[in-house]
Structures are given as C-alpha cells and as structure tokens.
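Here's the structure we're looking at; comments come further down.
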Amino acid sequence: MESKIKEKNWSKDFEKTIYESWKKSDVYKFKKKGKVFSIDTPPPYVNTPIHIGHAFTYTLMDMFARFHRMKGESVLFPLGLDRNGLPIEMAAEKKFKISIVHTPREKFIEHCKKLLEESSSESIDSFLKLGISFNSWEKGNDVGDMYFTDSPEYRTLTQATFINLWNKGLIYEDERINNYCPGCRTTIADAEIEYTDLPSTFNNIIFTVKETGEKIIIGTTRPELICTCGMVIFNPDDQRYKYLDGKTAITPLFGKEVPIRSHPYAEMEKGTGLMMMCSMGDQTDIRFFREMKLDPVIAIDENGHMNKNAGFIAGLSVKDAREAVINELKGKELLVRQKQLEHRTPICERSKHPVEFISMPEFYLKQVEFKKEMRRIAEEMSFHAPHSRQILLDWIDSITIDWPISRRRFYATEIPIWYCKCGEIMLAEKGKYVQPWHEQPHSKCKKCGASQFRGEERVFDTWFDSANSPLYILKYGTDFFKHAPCTLRPQGKEIVRTWLFYTILKAYHITGKNIFDDVWIHYHIVDEKGKKMSKSMGNVIDPHKILERFGAEPFRIWCAVEGNLNEGDLRCSFERIEGAGKTLTKLWNVAKFVSMFSQGKHTNLQPLDEWIINEMNTLVDYSEKYYELYDFHNPAIRLKNFLWETFASHYLELVKNRAYNEHGKFTASEQASALFALHYCMQTLLKLLAPVVPFITSKIYNDLYEKDIHLEEFPKPLHVKHFTDFSKEDLMELNSNIWKFKKDNGLSLKAELSDVVVPEKFHCIEKDLIATHSIKSISYGNLTMKV
Ligand SMILES: [Zn+2]
Ligand SMILES: [Zn+2]
C-alpha cells in the first residue's frame, strides 16, 4: 500500500509554488454570486516593511476571508496601500534633503512621488508569502482591485465627500486656538495627540495683588506664557485663598491686570494651590478660556516662535523664551523657587514634538453636535470582543471641539476650493480630482463673472482620506454601493479614536447610516516577557525572519492557537512559533497514513466509525459558530486536540486493523466503513483547517483528492444514525488503562491479554477492541485484565 503523499515531511519550500499559483490564478478574485462579505482592510504605509502586528492581523483577516468564501459568500477583501501624508513627506525630506519650508511645492511633490516609486513593495511581498488571499495583486478600479490612497480615483472621492459635506453645511472655517505641531508644521486634531512625561521645571513666581499690594506665589512649568495669562484661580474648597476672590492680580514682568477667581480646575495640592490660566498652555487652558469666555492672547506663531504679543521675548523660540523669562525673573527677584519634575506633556503622535497651541484659520467638520448619533451607531455595531466598544464610547464622550480637517502640507489630497476677488467661494465639480494651488476652475465666477481665482493651498488631514475607505471599496456613488454597510472593519485599538471614529462620522454625515456591521479590534503583540517590542530594546520579532526560518504555516497556526488578540496583548517568540509547527508534522503524517487507503463507499457504518464521525461533527458545528464570531482561537485549540488525541492516538489505533484487514478477520462491509470514516474525518478536518493553514491543507487535499480545497464548501455535519453509549473520555480512559497495564507488566503494546473484562458500553466495538489490544477472551463488567 502506497501513500498518495510522496514527500516525507511538510516543508516551507512547498509554499512558494502555492502562493505563486494563487497570485497568477483568479481563485480569490471578487466574484459576485452570493451575499457580499466585505472587509475594510487597514491600508499599511507603502514605504515601511510590515511588522509582527501587521503579519498577525492580516493573517487573521485572511482566515475570516477564507472562511466566508467557503460559506459561499462573495468576499470583498482588497489590498490598499496608504501613500498619503506626513510619513511619506517626512521620508522624502530625509532622503532627498528637502524641506517643506524651503522647497517649492511642485518640486516637493515630485520628490514624494520619486520616493514612492523607489520604495519597494516589500509589504506586498510579505503579504503574498503569508498566504493572504486578497482579491487582487494588481492596481485597478474594479471591485476588489488593489488601490492606493494617493491615486486620482481615491483623491477624487475624498474631494467629492468634502463637497458633499460642505453643501450640507457640515463644514465651516474658523480661526481658533488649536493644537499645532512645530515638527509637522501643521494643525493637528485632538485625536492625534499622545501624552508623555517630559522633564520640566516647576517655577514659583511672584504676582502682586493690585488691591492690597500683597505678594502671591504661583507655580508654573511655562513661565514664557505669563504674557498670555487671562486669570488666576484657586480651588473653591481652598480656605487659604477665599479672601482673594474677586480681587485682581498683576502679572510679573508684563504688568497685566487679571481677575482672581475660584474654579475647580485648580488643585489644592498642586504647587501653592494658585494657578495662572494661560490661553495656550494645554488643552485644559483652551477649554477654560472657551468656558470663561476670555479673549485668548496668541503669543506663539506657526514656526514655534514668540510673536509681538510676547513683549521683550518676541522673536525667540519657545525654549529660548522660557530661559529669557526665567533669567529676567531671577534678576528682578520674582522667582522664589525652582523644582525639577516630570510633566505630562501633550506630544504629536507622529513626530513626537511637544504640541503648541496657536491660532490659525482651519476648516472644521462638525462632530460635537452629533455625539448622540455617534453613540447610537457605536451601540448598533457588533464589537469583537464586545468590551472594545467602550474604547469608542469613551472617545466620543471626551470630544469637545469639531474636527479640524485642513492641514498645511503638500503631499495629500487638496481642498477643492477657489476664491474670487469678489469674495465668492467656488467649489470644484464632483467627480474630478483637482489641485487648486496650480490650476484654475473651468467656469467663471457666478457673482462677478471673473475668471481668475486664488486656489486654496491647504490639504486634508490624511484621516479625512482614510475615513473614506469603506465608501471607496464599496464604490460609493455606483449601484454596487447597495451592498453597504461594509461587513467588517478590522483594526487596532490605538486608532479607534481616529480611523474608526472618523469613518463612522463621515459615513453618517454622507449616507445618514451606520457603515459597519461588525468591528474587530485587536490589541498588540508583545515579547515573551510581556514587554512592548522596540528596536532599542532589541526584542523585535521580524516577520521576515519568521517567513525565512519557518515559512508561513507555523506562524499561521500559532496565530490561531495562541492568538486571542481581541482580549488583550499577546506574547510572541520564535520558540512558540516553532513549537506550533509540530502540529503541521502531525497533520502531514496522519494524512500520509490515511492516503494509503482508498476512500470507498460504505453500506453499514460501524459503531466506532459512527462515534468518530460524531466527534468530527461536533467540531464542525463548534468551528462554524466561533469562526462566525471572528474567533479562530478556540476552534483551533479543539481541532489541534482532535488531531493529536482523539483521531491520531485513539481512533487510528483502534481502526488500523480493520482498515488494513490483513488477516481477513473483518467483513468487507466492516472494512469499507473504516475507510469511509477515515477519509470523511480527514477531508472534514482539512476543510476546517483550510482557512487557518491554507498551504498545507491545499497540498494534502490536492494530493489526496485532486481538488482545490479553497474552492470547497464549508463542511456540514454528516447525519449519523446512532450515538454510541460511550463518550470520548470513556474510550480514551479504557485505551490508556490497557496500555498502562501492559507497560506496568513489561509487555509490548502488541502482547496478548488472555482475559479482559470491559464495561458493557464498549460491547458495540468488541471486534475493534480485540484486534487492537490482542485480547484472547473478552467479557463485560468492571474493567479487569489478565496477562
Ligand atoms: Zn508632528
Ligand atoms: Zn467673483
């Protein structure tokens, strides 16, 4: 008898032929037949190689896609690449030594394009090697084709959404204090801010009370902002300062008169309990000025320098200004004490520069007045895991200002507006990508007839682009959009407040509806000890190394078996991945064994075979139920146990003799039943594992059954007439007891036992037990054995 699988072991080298055939063929192309299952994949940046988190999450998304394809659904699983915005600009600045300040816009964009051309599609290559079944690897405009976020088609959509929102009155321009990153040289949204503890100096400074001449001491980390001080406050419960309420303070060096009031923002324990409120210190200050209706004083310009409102420090950088003020205070003996401390400082999420607060005119998309609707949508979507919904709800609750959507950068989608001298604002036509900074509109001014316009120079926040992704992949504006909402948004927890929130906000403004059915939120991959992976710590696990050493399959099965990533951070190591690969060897060996037998038809299923088919059926139902919930972790553990224990260690041992039937002890019908069950279980197990380990299952299935497993339907449980009296545990216990008895008596496993009494429930598999355990005489009762 010969196995249909020729090779001794599964090898990672088999993977190449398989993924290359997938790339060439159109097995995974989007074909509209059944219900549409759409996945709004997060486009990674084109110029950065994928990291372990990408490898992991795309692998899981691929499992979702493959499962739903087997369910007969039309799976929309496009590959998108993010090529817009700051990461590209910063890389171009570094590589070509250009700068957004000194390089002309056209030149700057040329360099960005050059960078994009030269940047390898390393990430695409890694996705291919991981076996990700994207609809297409070619760029195009059909449903499911690969897309770039900087393509004219994508940018046309972004501009069209702006025009749509503008016409609905949801966008307005306003000059107000906003977060400004001196590194990125642009306004940024609250959602793009992180906090970090930076070393800082807490300075105790003397103010004077105008009415009494009394000296009061106020602590601050930002003395250069004294010039913007609008009020001095103390906590309403702070008895020490009650008498100051309603009086006036005079600021040191600048001599400005500001009111003293009680306000809960002031903490009694912090510093002296007195606080100066500046119009640009941090977000608390900004909110305070809005709430108290104080006129903010703007003292920092967009280059991060003090402006004319800053008096003697005008023209200095913020850092130099701070030093100058401290020296001046020291000289005038107005500085009482200095203390070093760590200060929780808002920084830019991308460039990590401390955020400043300056005033510039920007476009805003309304969100504050829609918080209730956003909460309702958050409740409507199904979150996996359910508790991750709270991340979104918390963010919605914390929103206090509208979304500033304009940026002062170059390589991004342009805001499609022109301005006429007469004051008329002219919007671009929908459906065509325009660059107002270097082209004129085609029509004349409706109001005055002029044909020369000033083009808008600002661009969109790249999140304004990214927030279109489900509209783009579902071809908003065409008939195909009837398949909205998008079935699934898979994404990381750290971009809930940006990508997820902005997408549901924009889609709600444009379509009036919720754009996602399900949201799958994943956490992070950490090292073996639970520490965050970072280059400086030297604990990074590079997916390229994983692919080189093990191929995709051990990694993929590890992702499923250990990867409970929607519950919390996940620990990863090369050893764990290598260990997971042992299951592939087991699967290979079991398949080699099964493939020695022809499949055959059965007329009369034997009880042992009915039992294993029932065990298999339980797993079919279980896997389907959990796969539907995006949980591959729990089924993978059960499938792994089934393969190693139930099937290989117990069923195969018991059925072997009947399958071979070398001595003709079994009837042809009994043997046929064994062969049928062996192949039924093998086929079903391969199908259940196909979404998880698509390479090895593809090869085995093809060798055994000469068919593409990825075109097969998800299995349905086979109807079986009888349920056996014994359970899986009963049978395993019986086998183990007999094997242990032989071992304890120094016998080989093949040695004969003269008398064995087994519980009555095993009567139905008598012939299999006799053959497997070499029993001379079997009877029924409580288990006993004799040599
Ligand atoms: Zn920045
Ligand atoms: Zn005009």
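The values are calculated or read from the model by the stated rules, or taken from the named source; none is laboratory data. Remember, predicted model here, so these are calculated numbers, not experimental data. Virtual Cβ from ideal backbone geometry, glycine too; neighbours counted across all protein chains shown.
Before moving on, here are some points about what is shown:
- Lone qualifier among MET70, MET61, MET90 - being within 30 Å of ASN539 (Cβ to Cβ), crowded, with 21+ Cβ neighbours inside 10 Å and of a type outside the set (Gly, Ala, Ser): MET61
- Matching residues in segment 146-205 - criterion: being within 16 Å of ligand 1 (Cβ to nearest atom) and touching a Phe, Trp or Tyr at 6+ places or on another chain (Cβ under 9 Å): ASN178, ASN179, TYR180, THR186, THR187, ILE188, ALA189, ASP190, ALA191, GLU192
- Among (1) among the charged types (D, E, K, R); (2) farther than 20 Å from CYS181 by Cα; (3) in the same structural domain as ASP190 (by TED's automatic domain parsing) - the single one ASP320 does not satisfy: (2)
- Looking across segment 411-432, the residues that are under 27 Å from ARG185 (Cα atoms), away from ligand 2 (no atom under 16 Å from the Cβ) and not hydrophobic (A, V, I, L, M, F, W, C) come down to TYR411, THR413, GLU414, PRO416.
- Positions within segment 391-432 being in contact with a Phe, Trp or Tyr (Cβ under 7 Å, 6 or more places away or on another chain), away from ligand 1 (no atom under 16 Å from the Cβ) and part of a loop (DSSP other than H, G, I, E, B), in sequence order: ASP402, ILE405, THR413, ILE415, PRO416, CYS420
- Taking segment 730-748 as the range and being closer than 12 Å to LEU783 by Cα and loosely packed, with under 12 Cβ neighbours inside 10 Å as the test, no residue passes.
- Residues in segment 542-568 that are among the hydrophobic types (A, V, I, L, M, F, W, C) and either assigned to a helix (DSSP H, G or I) or over 18 Å from the mean Cα position of the chain (by Cα) (or both): ILE546, LEU547, PHE550, ALA552, PHE555, ILE557, TRP558, CYS559, ALA560, VAL561.
- Residue check for LEU130: in contact (Cβ under 8 Å) with a residue 12 or more places away in the chain and more than 30 Å from SER74 (Cα to Cα): no
- Cβ-Cβ under 8 Å pairs, at least 6 apart or on other chains, segment 651-672 side free of Cβ contacts under 8 Å to residues at least 24 places away in the same chain, far side among the small types (Gly, Ala, Ser): GLN671/ALA659
- Among residues of segment 480-512 being among the charged types (D, E, K, R) and modelled with pLDDT of 95 or more, the one that is surrounded by the fewest Cβ atoms within 10 Å (Cβ to Cβ) is LYS482.
- Flag for PRO386 being within 28 Å of the chain's Cα centre (by Cα), within 16 Å of ligand 1 (Cβ to nearest atom) and more than 26 Å from ILE98 (Cα to Cα): no
- ARG549 falls short of the stated requirement of being of a type in the set (Lys, Arg) and closer than 23 Å to ARG489 by Cα.
- Boolean, SER388 is hydroxyl-bearing (Ser, Thr, Tyr), surrounded by fewer than 18 Cβ atoms within 10 Å (Cβ to Cβ) and within 30 Å of TRP520 (Cβ to Cβ): no
- Extreme residue, farthest from ligand 2 (Cβ to nearest atom), among residues of segment 312-367 that are of a type in the set (Ser, Thr, Tyr) and over 30 Å from ILE425 (Cα atoms): THR345
- Of the helices (runs of 4 or more DSSP H) lying entirely inside segment 585-665, those carrying at least 1 residues that are closer than 17 Å to PHE726 by Cα and not assigned by TED's automatic domain parsing to the domain that holds HIS773 are 607-628, 652-660.
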